[in-house]
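First comes the structure, then the notes that go with it.
Values in this text are rule-based calculations from the coordinates and carry no lab data. Computed from a predicted structure; not experimentally measured. Cβ placement follows ideal geometry from the backbone for every residue including glycine, while neighbour counts extend to all protein chains displayed.
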Amino acid sequence: MCRAHLAAVTVALAFVVGATACDNTDTKLKVTRLDPIKGDAQGGTFVHIYGNRFIADGARNAKVYFGSRQGTVSRFLNDGDMIVEAPGGKSNEVVDVLVMFEPGGEIKLQKAFTFVDKNSSGPSVNDLDTSKQK
């Protein structure tokens with residue numbers, strides 16, 4: 001094969017592979033994961049909820065429940081990323097996260113979020129004492 005034909009085939013293959021990789025044919029509304037999966041039992045942790053088709057089909061309203069407590073939807077960053085402020089809960093409690101889309105329905109992530117105690121003590125001057133034996 002001559003160089004001109006080889007170059008043409010390479011360009012054509014790159015175009016096909018690139019078009020396939022960029023083609024998002026998944027039209028299903030879904031929630032895939034949370035980040036972080038742990039948050040302050042006092043509330044106020046901002047959680048990214050990742051998924052698909054959050055806004056591609058038009059405006060949606062969303063409610064998010066961490067167990068029985070409703071979080072506050074802050075904003076949709078894009079079609080696959082929503083930010084929610086988690087409510088408070090009991091320390092070490094593991095809860096389901098229910099995302100209710102209007103229109104769209106409900107999606108539940110089982111045992112997806114854990115409430116933890118915030119470390120409010122922080123380091124102290126005593127931590128710098130080098131005379132202590134360990």
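Find which of 44, 64, 113 sits farthest along the positive direction of the dipole of the range 30-116, computed with +1 on the beta-carbon of Lys and Arg, -1 on that of Asp and Glu, about the Cα centre.
The Cα lying farthest towards the positive end belongs to 113.
Relative to the present Cα-Cα distance, how much length would full extension add between residue 85 and residue 117 at 0.36 nm per residue of separation? Intermediate values should be presented prior to the final figure.
Working: separation 32, 0.36 × 32 = 11.52 nm, distance 1.64 nm.
Additional length available on full extension: 9.9 nm.
Using packing as a proxy for protection, rank 70-79, 102-111 so that the peptide with the highest average count of other Cβ atoms within 10 Å comes first. Could the numbers behind the result be given before it?
Details: 70-79: 14.2, 102-111: 12.2.
Packing proxy ranking, top to bottom: 70-79, 102-111.
Can you tell me the relative contact order of the range 72-112? Whole percent, Cα pairs under 8 Å, sequence separation 6 or more. Kindly include the intermediate steps, with their values, before the conclusion.
Details: 42 pairs, mean separation 11.2, N = 41.
Computed over the range 72-112, the figure is 27 percent.
Would you please give the residues with an amide H less than 5 Å from that of residue 45, counting only those at least 5 places away or on a separate chain, with H modeled from the backbone geometry?
HN-HN under 5 Å from residue 45: 40, 86.
Take the residue pairs 28/108; 30/90; 28/63; 63/90 and return only those whose Cα atoms are more than 26 Å apart. Each step should come with its number before you reach the end.
On the way: 28/108 15 Å; 30/90 28 Å; 28/63 19 Å; 63/90 21 Å.
Going by Cα-Cα distance, 30/90 fall outside the 26 Å limit.
Say each of residue 75 and residue 92 gets a label point 7 Å from the Cα, pointing the same way as Cα to Cβ; how far apart are those two points in nm?
3.8 nm
Which of 47, 99 comes first, and how do the rest follow, when ranked by fewest Cβ neighbours within 10 Å?
Details: 47 22, 99 25.
Listed from fewest to most nearby Cβ atoms, that is 47, 99.
Given 0.36 nm per residue, what is the gain on full extension from residue 30 to residue 107 after removing their alpha carbon distance, in nm?
Details: separation 77, 0.36 × 77 = 27.72 nm, distance 0.71 nm.
Net length gain for the segment: 27.0 nm.
For residue 68, what is the net charge nearby, where nearby means another residue's Cβ is under 12 Å from its Cβ and Lys, Arg count +1, Asp, Glu -1?
Values: positive: 69, 90; negative: 93, 96.
Net charge in that neighbourhood comes out at 0.
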